[in-house]
Each structure stands twice: as structure tokens, then as C-alpha cells.
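Visitor: A single structure is presented below for examination.
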Amino acid sequence: MKKENFVTLVMSTIGGLIFALGMCMVLLPEWEAFTPGVVCATIGVVVLFVMVIIRRKMTNAPTIRINGRAVGIVIYGVIATIVFGVGMCMTMVWNGLLIPGVIIGIVGIALLLGLIPLIRGIK
């Protein structure tokens, strides 16, 4: 295993676990740890962003350029994720909305799958 792959594996695992623990702390009212959960999740996100920077430095990748196309793809991805999340909430949290939630969830999945050709490009 290459050094950059091992560093990415370790940092993404640590960052993902810290982020997940923070989200559990925030979203489970039984734990009564909202504020520490926000701090923990923020630390996890910072670790993940640092991992991306370190990975790009180790592989000599060019810097990330932000242009109009990249911003549009991010906005599309956020909207698709929200649609998918609303569908999940409708099926699991809100009573009596199982069928509409499944339909909206499938639409969200289709929107998320649409990100693949947007990012990779159609060749």
C-alpha cells in the first residue's frame, strides 16, 4: 500500500468516526449532548478537510479551482441530498407518509445518480 493511500485511510477513518459520533450526540436527545456533539462533528469535518489537503499534497495534485461549473455541481448535489433526506424522513419519522416518502426518496436517488455524468462528463 502506498504511503498516501495509508494516510488517507487512517485520516478518513478517524475523521469519519469523530463526525459520526458528533452527529449521534446531536441527533439523539437521550444523550443530552447537543453542544458537545456540534463541536465533535465540526472537529470530524476539519479532520476530513485536512485529509483532502494532505492527500493532494502527497500526490502532487493540482490545486482545487472553484469556478461556476463547480459551484453549480455543488448546489445540485446539495439539492439532491436534501430531496433524498426528505424522502427518508417521510418514511421513517413522519407517520402516514410511507408511500410518498419512498417515491421522493427514489427521486432523490435518481438526482444523486445524475451527479456522476455531471462530475465525470459524458464521453
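The values are calculated or read from the model by the stated rules, or taken from the named source; none is laboratory data. Worth saying up front: this structure is predicted, and the values here are computed from it rather than measured. Neighbour counts are summed over all protein chains in view; Cβ atoms, including those assigned to glycine, are modelled from backbone coordinates with ideal geometry. Only protein heavy atoms, including side chains, enter the accessible area calculation; ligands, DNA and RNA are left aside. Shrake-Rupley method; radii C 1.70, N 1.55, O 1.52, S 1.80 Å.
Visitor: Rank 101, 59, 7 by how far each Cα sits towards the positive end of the charge dipole of segment 7-123 (+1 on Lys, Arg Cβ; -1 on Asp, Glu Cβ) and give me just the farthest.
Guide: Checked the options; the winner is 59.
Visitor: Just want to confirm a number: the relative contact order over the chain, from Cα pairs under 8 angstrom separated by 6+ residues, in percent.
Guide: Details: 121 pairs, mean separation 22.4, N = 123.
RCO, the chain: 18 percent.
Visitor: Could you give me the ³J(HN,Hα) list for segment 34-39, computed from phi with Karplus coefficients 6.51, -1.76, 1.60 and θ = phi - 60°, whole Hz, x at Gly and Pro?
Guide: Per-residue couplings from phi come out as 5, 5, x, x, 4, 5 Hz.
Visitor: Can you list which of the trypsin sites (Lys or Arg not before Pro) found in segment 1-78 are DSSP loop residues with at most 16 other C-beta atoms within 10 Å? Can you show the working numbers first?
Guide: Numbers: sites: 2, 3, 55, 56, 57, 65, 69; in loops: 2, 65.
For trypsin sites (Lys or Arg not before Pro) across segment 1-78 that sit outside H, G, I, E and B with at most 16 neighbouring Cβ atoms in 10 Å, the list reads 2, 65.
Visitor: If you don't mind, another one. Enumerate by residue number the GluC sites (Glu not before Pro) in segment 1-105 meeting two conditions: DSSP loop (anything except H, G, I, E, B), and at most 13 other Cβ atoms within 10 Å of the site's Cβ. Could the numbers behind the result be given before it?
Guide: Values: sites: 4, 30, 32; in loops: 32.
For GluC sites (Glu not before Pro) across segment 1-105 that sit outside H, G, I, E and B with at most 13 neighbouring Cβ atoms in 10 Å, the list reads 32.
Visitor: Moving on. Quick one: the Cα spread of the chain along its three principal axes, in angstroms, biggest first?
Guide: 52, 45, 29
Visitor: Hey, another quick one. Which semi-axis lengths, in whole Å and largest first, follow from the square roots of five times the eigenvalues of the Cα gyration tensor of segment 1-58?
Guide: On the way: eigenvalues 153, 20, 5 Å².
Each semi-axis is √(5λ); the values are 28, 10, 5 Å.
Visitor: Per-residue ellipticity at 222 nm for the chain, helices alone: DSSP H runs ≥ 4 residues times -39500 (n - 2.57), over residue total, nearest 500 deg cm²/dmol? Write out the running numbers ahead of the final one.
Guide: Working: 5 runs with 97 residues, N = 123.
Computed ellipticity for the chain at 222 nm equals -27000 deg cm²/dmol.
Visitor: Measuring with a 1.4 Å probe in the full set of protein chains, what accessible area per residue, in whole Å², belongs to segment 1-96?
Guide: 73 Å²
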